[in-house]
Amino acid sequence: MGAKVIEGRMTAGADQGVVVFLIGMRVNKFRSPHDWWPVAKAMPRMLKELARDRSSGLISARVLVGGARLVYVVQYWESTEKLLAYAAATGGEHRSAWAEFNRRAREGGSGVGLWHETYAVPAGSYESVYVNMPEFGLGAGSGVIPIGRRGERAADRLAS
């Protein structure tokens, strides 16, 4: 990661509500790549599609690895409406990947598991701190500002 480190204490520049969407896959059977490889290939295609469409509502995303079996993505969205619109859009990467996953699962393909969680967070109900970090998380999409603009303590930032 060659991103430029921003020295000092910063917070995300976002001031609106945000939707945090966590989605991932778990490899249940390493010896069943026909189950998990299509799933592993689908997420990068979806993220590229979303990055090309600035109006999609995706603010930022980060792919993370949670051990040998788990890969997941933390996504920040402008609204639940935009997240749901992307999920339901015909002709996009998500619908075809979801249909393919469901077809394989019905045929007994249990070599991979999928999960997601969605959190709609109103403005003033989240806070962030980045100390000597490049833009990261919500701050990667919204930009960062000096922490003092929102209060020195987490309690101050959550109250604003």
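Sort out which residues of segment 64-91 are touching a residue at least 60 places away in the same chain (Cβ under 8 Å) and acidic (Asp, Glu), and write them in order of number. Residue satisfying the conditions is Glu78 alone.
Picking from residues in segment 141-160 that are surrounded by fewer than 13 Cβ atoms within 10 Å (Cβ to Cβ) and part of a loop (DSSP other than H, G, I, E, B), the one that is modelled with the lowest pLDDT is Ser160. Looking at Ala97, is it open to solvent by less than 50 Å² (accessible area, probe 1.4 Å), farther than 22 Å from Arg54 by Cα and of a type in the set (Gly, Ala, Ser)? Answer is no for this residue. Here Thr118 does not fit the description of being open to solvent by 60 Å² or more (accessible area, probe 1.4 Å), over 18 Å from Phe21 (Cβ atoms) and hydroxyl-bearing (Ser, Thr, Tyr). Among the residues of segment 56-64, are any surrounded by fewer than 18 Cβ atoms within 10 Å (Cβ to Cβ) and more than 13 Å from the chain's Cα centre (by Cα)? Checking segment 56-64: not a single residue is surrounded by fewer than 18 Cβ atoms within 10 Å (Cβ to Cβ) and more than 13 Å from the chain's Cα centre (by Cα).
Tell me yes or no: at least one residue of segment 25-38 is assigned to a loop (DSSP other than H, G, I, E, B), closer than 30 Å to Arg153 by Cα and in contact (Cβ under 8 Å) with a residue 40 or more places away in the chain. So far as segment 25-38 goes, no, none of its residues is assigned to a loop (DSSP other than H, G, I, E, B), closer than 30 Å to Arg153 by Cα and in contact (Cβ under 8 Å) with a residue 40 or more places away in the chain. Taken over segment 14-50, residues that are out of contact with any Lys or Arg (no Cβ under 8 Å at 6 or more places or on another chain), open to solvent by less than 70 Å² (accessible area, probe 1.4 Å), of a type outside the set (Val, Ile, Thr) and under 15 Å from Glu93 (Cα atoms) amount to 8.
In contact (Cβ under 8 Å) with a residue 24 or more places away in the chain, within 16 Å of the chain's Cα centre (by Cα) and under 23 Å from Ile6 (Cβ atoms), is that true of Ser142? When the stated conditions are applied, Ser142 passes them. Selection of segment 81-135 for residues being more than 14 Å from Pro38 (Cβ to Cβ) and assigned to a helix (DSSP H, G or I) yields Glu81, Lys82, Leu83, Leu84, Ala85, Tyr86, Ala87, Ala88, Arg95, Arg106. For segment 65-108, taking the residues that are more than 16 Å from the chain's Cα centre (by Cα) and of a type in the set (S, T, N, Q), the one that is farthest from Ser128 (Cα to Cα) is identified as Asn102.
The values are calculated or read from the model by the stated rules, or taken from the named source; none is laboratory data. Computed from a predicted structure; not experimentally measured. Here Cβ is always computed from backbone atoms with ideal geometry, including for glycine, and neighbour counts include all displayed protein chains. Please note that ligands, DNA and RNA were not included when accessible areas were found on the heavy atoms of the full protein model with its side chains. Shrake-Rupley method; radii C 1.70, N 1.55, O 1.52, S 1.80 Å.
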